[in-house]
1. Enumerate the aspartates and glutamates that K171 could reach by cross-link, defined here as Cα to Cα under 18 Å, with residues fewer than 8 away along the same chain left out.
2. Can you sort M223, M106, M175 by 1.4 Å-probe accessible area, starting with the largest?
3. Which order do Y136, Y33, Y79 take when ranked by solvent-accessible area (1.4 Å probe, heavy atoms of all protein chains), largest first?
4. Hey, can you grab everything whose amide H is under 5 Å from the amide H of F213? Only 5+ residues off in sequence or another chain; H modelled, so Pro and N-termini drop out.
5. Of the cross-linked pairs K103/K243; K61/K243; K4/K143; K207/K236, which ones have a Cα-Cα span greater than 27 Å in the structure shown?
6. Of F238, F141, which has the most accessible area and how do the rest follow, probe 1.4 Å?
7. For the chain, which semi-axes, largest first and in whole Å, follow from the square roots of 5 times the eigenvalues of its Cα gyration tensor?
8. With each run of n ≥ 4 DSSP H residues scored as -39500 (n - 2.57), what mean residue ellipticity at 222 nm is computed for the chain after dividing by its residue count and rounding to the nearest 500 deg cm²/dmol?
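The values are calculated or read from the model by the stated rules, or taken from the named source; none is laboratory data. Just so it is clear, the model here is predicted, and its values are computed rather than measured. Counting neighbours? That spans all protein chains shown, and the Cβs are built from the backbone with ideal geometry, glycine included. Accessible surface is based on the protein model in full, side chains and every heavy atom, while ligands, DNA and RNA are left aside. Shrake-Rupley method; radii C 1.70, N 1.55, O 1.52, S 1.80 Å.
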Amino acid sequence: MEKKPIIGISGSILLTEGGIFAGYRRSYVNQDYIESVIEAGGIPFIIPFNTNTSVTVEQVKNIDALILSGGHDVFPLIYGEEPKQALGETFPERDYFDITLLKTAMDLNKPVLGICRGHQIINAGNGGSLYQDLSYNKELFIKHSQSTKWNIPTHTITIEEGSFLDDIYEKNEGMVNSFHHQIINDLADGFKVIARSKDGAIEAIEKINNRNFVLGIQWHPEMMNISDIFSKKLFKKFINTVKERNSNN
């Protein structure tokens, strides 16, 4: 029987509201990440948030690949900017945790998939920057934080030929959901843009070579996976890539 790869998914902290447990901290990941990985043929493991760097490094050593999940705004001082008026809630300790996960995975040649915030962490953690809010890029006109139900795609993306996403979507175009108010500004060195929305926002990036496989996507395929064939294909191709890289190491 073929060994299924272990996919670590970065966790966050949920604060309980109300009652005697108000303020109580719980480790969590949204369930759709778990189900998407299982359906695609992987074994999901939640990597609980912590502030012990040596523990975080050991966590990565015990997985075959990493998914950086969504969440808070990225703290702008990471990429050398002071916080601006439209910045949302941040969680700097988690930024450090996620960047440690990312850097360790890259050092160990383990594949990485970053989703929404995870996509932004990949860029910021490798020396790129972000627009702290969509309003700081006057060329944008698409609604990037939809009010429609989470699994329904609402805007199109254009995909670069020859990229990881190219054979997943048809005719170099896809439909995605959208729940963000930050986007990539300066692209990190060594990465290339592989998808944009029609207003020019960077929707996906990759760094794929003999050493690293790092893919960042701005939308939430795990939310669409329940009903969207292209999201299913994306997760399946990622898991198959992990298997192939494992067999070659």
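1. Cross-link targets: E160, E161, E203, D228.
2. On the way: M223 35, M106 15, M175 80 Å².
Sorted by accessible area, descending: M175, M223, M106.
3. Values: Y136 80, Y33 5, Y79 30 Å².
So, going from the largest accessible area down, we get Y136, Y79, Y33.
4. Long-range HN contacts for F213: V112.
5. On the way: K103/K243 21 Å; K61/K243 16 Å; K4/K143 38 Å; K207/K236 19 Å.
From K103/K243; K61/K243; K4/K143; K207/K236, over 27 Å: K4/K143.
6. Details: F238 0, F141 145 Å².
Listed by decreasing accessible area, they come as F141, F238.
7. Details: eigenvalues 116, 111, 70 Å².
In descending order, the three semi-axes are 24, 24, 19 Å.
8. On the way: 6 runs with 68 residues, N = 249.
So the helix-based figure for the chain works out to -8500 deg cm²/dmol.
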